[in-house]
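**Q** Structure incoming, see below.
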């Protein structure tokens, strides 16, 4: 009976037809090890991305994103090894991003068990790469990550972790990416990232209303209420965060309980 | 990868070149379910149940399956057989994807989701499923549990064949069942603990 009530209560605005809003921890990885500080109590090895990922899946994370910042010539090999170990151990979907430049990178990661790849700079520099990836692997495999920062009264796509502005206006780039075959948009506001003052709900709503593919909000999460706000105000499909989860400032079961009490559809 | 088990409850994964199966075999390994690959007709007798995997374009997948020459054997299977995602859609009679005729083990159709701002396509993420019939495939899985979906085409709801339903814009078949044939639209290998329970249940059918 509770389930029926939940279904009736879930209006299109609060998680359509039972589809849950996703909570996604993001892990930065370098040469096979997590780099940002992690403050989990029960971890034997906080630098082991697989153990951390397993822990998150047990807590109720809906999906994981691994951002590989390895810069050596062995990069593809270390990413493939990471993806294989994650796919062997973890029973939820995950995305891998970082330095994916060509079809061969994507092919190797797919065969290693990645559910999705996230492309950022390479897509801005060569937008046709999106078409090629979507055609080769399907749109569901292709996440386009967009780092945005406001300059004047415009939102501008940035590269290199927000340091390098491009010529591209953010919404216009996202619409082009969608038309070329992006299956999902991971939108990080560099103005909000690290502030812990909440997501960039204004821009996220504009983007979410303009596209027909899922949008993942990123940048600015500092409190449970910020997740409630981003889902209620923008209706994005997922919210991503790193440090609030890694340092245990927000525990996923607590977060989901609050979302559920606000009638936001979540997987518990 | 584990060696073929040679019967004894093993799962034969039908190989026809449609999609990656690393995550599926990884899940079977974690669960201690013996498995092996089916590349030819002679491989079928080595196993007690079968999985038809598949991602991508249903019409293209059907074309690849036909090229293996295994279609008549698959249609005549009497042991438990589970299609996953596009592998499930292949069991139906027709898909709007590529206007394709399929295996026709189930006389129902695979249709495209209507796209809108409210209902984005592909339907991506965790959605609730509601079993409509008693079946050991869903043993120890509560009604309303979440499973992970990624698909743009769905199998129409049908009272006779829908084993569990889900809703996204419209009600559709999250799983289907007819005799020894089963299909699941979601990815059990990516659906957390309940997905693993379903795979374990299948290994005991």
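Taken together, the values in this text are just the output of simple stated rules run on the coordinates, not laboratory data. Just so it is clear, the structure is predicted and the values come from calculations on it, not from any experiment. Methodologically, a virtual Cβ is constructed for each residue, glycine included, from the backbone with ideal geometry; neighbour enumeration extends over all protein chains shown.
**Q** Looking only at other chains, what is the average number of their beta-carbon atoms within 10 angstrom of each beta-carbon in B:183-195?
**A** What the average comes to for B:183-195 is 3.
**Q** Also: How big is chain A in terms of Cα radius of gyration and Dmax, in angstroms?
**A** Answer for chain A, Rg first and Dmax second: 17.7, 57 Å.
**Q** Another one. Antiparallel DSSP bridges in chain B: what percent, to the nearest 5?
**A** Of those bridges, close to 60 percent are antiparallel.
**Q** Also, I was wondering about something else. What average number of partner chain Cβ atoms lie no more than 10 Å from the Cβ of the residues making up A:83-96?
**A** If you average over the peptide's residues, the count of other-chain Cβ atoms is 5.
**Q** Relative contact order of segment B:11-203, please, whole-number percent, based on alpha carbon pairs below 8 angstrom and at least 6 residues apart.
**A** Once divided by the residue count of segment B:11-203, the mean separation gives 20 percent.
**Q** What residue among B:39, B:135, B:117 shows peak mean-square fluctuation when chain B is described by a Gaussian network model with Cα springs under 10 Å?
**A** B:117
**Q** Taking 1 over the mean of 1/r across every pair of different Cα atoms in segment B:48-131, what Kirkwood radius in Å do you get?
**A** 14.0 Å
**Q** Give me the percent of DSSP beta bridges within the protein assembly as shown that run antiparallel, rounded to the nearest 5.
**A** Just about 45 percent of them are antiparallel.
**Q** Fewest to most neighbouring Cβ within 10 Å: what's the order for B:68, B:25, A:148?
**A** B:68, B:25, A:148
**Q** Neighbour counts of other C-beta atoms within 10 Å: give me A:167, B:171, B:132, B:66 arranged from fewest to most.
**A** Listing A:167, B:171, B:132, B:66 from fewest to most nearby Cβ atoms yields A:167, B:66, B:171, B:132.
**Q** Can you pull the mean other chain C-beta count within 10 Å for peptide B:121-134?
**A** For this peptide, the per-residue mean of nearby foreign Cβ atoms is 6.
**Q** So if I take the alpha carbon set of segment A:170-268, get Rg, then get Rh from the Kirkwood formula, what is the Rg over Rh ratio?
**A** Rg divided by Rh gives 0.98.
**Q** Further question: Among A:152, A:113, A:222, which one moves the most in a GNM of chain A with springs linking Cα atoms closer than 10 Å?
**A** A:152
**Q** With every atom except the alpha carbons ignored, what do you get for Rg and Dmax of segment A:112-168, in angstroms?
**A** Looking at segment A:112-168, its Cα Rg and Dmax stand at 13.0, 43 Å.
**Q** Obtain the radius of gyration and the Kirkwood radius of segment B:11-203 from its C-alpha atoms and give Rg over Rh.
**A** The Rg/Rh ratio comes out at 0.93.
**Q** Pairs of alpha-carbon atoms within less than 8 angstrom and 6+ residues apart define the contacts here; what relative contact order does chain A have, in percent?
**A** For chain A, the relative contact order is 20 percent.
**Q** Right, next: Springs between alpha-carbon pairs under 10 angstrom, Gaussian network model over chain A: which of A:205, A:77, A:256 fluctuates most?
**A** A:77
**Q** Counting only helical runs of four or more DSSP H residues, what would the 222 nm mean residue ellipticity of chain A come to if each run contributes -39,500 (n - 2.57) and the total is spread over all its residues?
**A** -11000 deg cm²/dmol
**Q** Calculate how large, on average over all directions, the projected area of the Cα convex hull of segment B:96-205 is; give the answer in nm² to one decimal.
**A** 6.9 nm²
**Q** Percent of Cα-Cα pairs per 10 Å bin, from 0 to the last occupied bin, for the protein assembly as shown, please list those.
**A** 4, 21, 32, 27, 13, 3, 0
**Q** Most exposed first by the Cβ proxy, i.e. fewest other Cβ within 10 Å, how do A:209, A:105 rank?
**A** Ranked by crowding around the Cβ, least crowded first: A:209, A:105.
**Q** Now a separate question. Working only with C-alpha atoms, what are the Rg and Dmax values of segment A:117-207, expressed in angstrom?
**A** Rg, Dmax (Cα atoms, Å): 12.8, 39.
**Q** Averaging over every viewing direction, what projected area does the convex hull of the Cα atoms of segment A:78-117 cover, in nm²?
**A** 2.4 nm²
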